[in-house]
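Since the structure comes first, as structure tokens, the remarks are kept for the end.
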Amino acid sequence: MISASNLSKVIWIHAILIITIGLMALYSASFNNNTVDPSVFYEQFICAGLGILLMFLLANGDYRKFFDVAYIVYGISVLTLILVLIMGRHALGATRWFSIGGFSFQPSEFSKLAVIFFLGRYFSERRPRFSFDSSTTFGEVWGDLLWPLFLTVISIALIFKQPDLGTAILVMGIFLVMLYASGIALRLFWALVGLLLLLMPLAWHFLKQYQKDRLLVFLDPSHDPLGAGYTITQSKIAVGSGELLGKGWLAGTQNQLNFLPERHTDFIFSVIGEEWGFLGGIVLIYCYGVIIYCGFKIARHNKDPFGQLVAVGIVSILAMQVVINIGMVMGLLPVVGITLPLISYGRTSFMVFVLLLGFLLNLSKKRTIF
């Protein structure tokens, strides 16, 4: 058991371990080959230094200031999601980035943070009151469920338009988890989940062809083995060949011989699995699990409704992204283009998770009840 007084220290230790593992894996993914720019390691290394500094500063600030600006942050997030569709850089079949000089910014990553703060403030100010019975009014349903859902769907639709299916799924996941944590009537919550499941088949008609191919590959691994199925096939070979202890750092054949595409971003866990084996993968998953456990413990002990809900949102996005990324790398889930937090190359993604962990560290401090 981890005592409440040690939560901050435990999160720090395991976050730095994850960042270190990520830098080692990223160096290996970009080492001595011509398919991954070697500068990605140095860029991530600089982000790691800045990120640790930001975590420290945020951990020692006043998190209630984020309550005051939560709606403004969400509005800025929606505005950037609109602007990126108009003015953003198009690459790899998607329009997701702003590029200014040599710096790129991905608004969809920032939207995760913005939605967590927005929902944390909204649900903390208006705890769901209706019980989903004959006395329930439309105004209660609108204010407690439909209005926050509508605002969240705006972000989801703009992200899906880029297209970025993975992040759109994550944002919907954030909404469902925080809605559940807000205390909504369980019958209404499960009715909403059931409705979303019934609507899922309709989403097929809105997917891009490459997204459909990825889903077909998941259902039938032999579908398009040299196209959409190539990356996942090579990924499974890499993870499986690592066996128990791995082939050693910088010694993975799938990685070093360039068989594994996107190994510095979405599929970096394949590098870890091949070079450090099952044991290395378990150590990384354990580090994530400890942080997630500490986060839920912080949420349980925090007396501020805003702090409780934001803590739940932070650990839920971390847990969902870890599970989905590792699941798709191992062929257990469809490939939806989601990074591994604090491990995959991606400056915006890295800095967003650093900010979220810094906020979680802040919430771990003992304070008077608001």
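The values are calculated or read from the model by the stated rules, or taken from the named source; none is laboratory data. In this text, all values refer to a predicted model and were calculated from it rather than measured experimentally. Cβ sites come from the backbone with ideal geometry, for glycine too, and all protein chains shown count toward neighbours. The protein model used for the area step is the full one, side chains on, heavy atoms only, and it has no ligands, DNA or RNA in it. Shrake-Rupley method; radii C 1.70, N 1.55, O 1.52, S 1.80 Å.
Which numbered condition in (1) at pLDDT 90 or above; (2) out of contact with any Pro (no Cβ under 6 Å at 6 or more places or on another chain) is the only one that ASP37 fails? Just one mismatch for ASP37, condition (1). Got at least one residue in segment 37-59 being touching a Lys or Arg at 6+ places or on another chain (Cβ under 9 Å), within 23 Å of GLY248 (Cα to Cα) and surrounded by fewer than 17 Cβ atoms within 10 Å (Cβ to Cβ)? Within segment 37-59 (the criterion being touching a Lys or Arg at 6+ places or on another chain (Cβ under 9 Å), within 23 Å of GLY248 (Cα to Cα) and surrounded by fewer than 17 Cβ atoms within 10 Å (Cβ to Cβ)), the answer is no, since none of the residues qualifies.
Yes/no matrix, rows are residues, columns are (1) more than 28 Å from VAL290 (Cα to Cα); (2) of a type outside the set (Phe, Trp, Tyr); (3) without any contact (Cβ under 8 Å) to a residue 40 or more places away in the chain:
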position: TRP12; (1), (2), (3): no, no, no
position: MET24; (1), (2), (3): no, yes, no
position: SER30; (1), (2), (3): yes, yes, no
position: PHE45; (1), (2), (3): no, no, yes
position: ILE52; (1), (2), (3): no, yes, no
position: THR80; (1), (2), (3): yes, yes, yes
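Is it the case that some residue within segment 267-283 is of a type in the set (Asp, Glu) and closer than 15 Å to ALA238 by Cα? Yes, the conditions are met somewhere in segment 267-283.
Taking segment 273-301 as the range and being under 15 Å from VAL323 (Cβ atoms), more than 17 Å from the chain's Cα centre (by Cα) and surrounded by 19 or more Cβ atoms within 10 Å (Cβ to Cβ) as the test, only GLY281 passes.
Please go through segment 71-101 and pick out each residue that is at pLDDT 75 or above, surrounded by fewer than 16 Cβ atoms within 10 Å (Cβ to Cβ) and farther than 23 Å from ASP266 by Cα. Passing the criteria: TYR71, ILE72, GLY75, ILE76, LEU79, ILE82, LEU83, ILE86, MET87. Beta carbons closer than 9 Å, at least 6 apart along the sequence or on distinct chains, pair a first residue in segment 317-345 that is without any contact (Cβ under 8 Å) to a residue 24 or more places away in the chain and hydrophobic (A, V, I, L, M, F, W, C) with a second that is in a loop (DSSP other than H, G, I, E, B) and open to solvent by 10 Å² or more (accessible area, probe 1.4 Å) for VAL323/LEU333. Restricting to segment 245-264, name every residue that is under 22 Å from ASN325 (Cβ atoms), part of a loop (DSSP other than H, G, I, E, B) and open to solvent by 20 Å² or more (accessible area, probe 1.4 Å). Those that are under 22 Å from ASN325 (Cβ atoms), part of a loop (DSSP other than H, G, I, E, B) and open to solvent by 20 Å² or more (accessible area, probe 1.4 Å): GLY246, LYS247, TRP249, ASN258, PHE259, PRO261, GLU262, HIS264.
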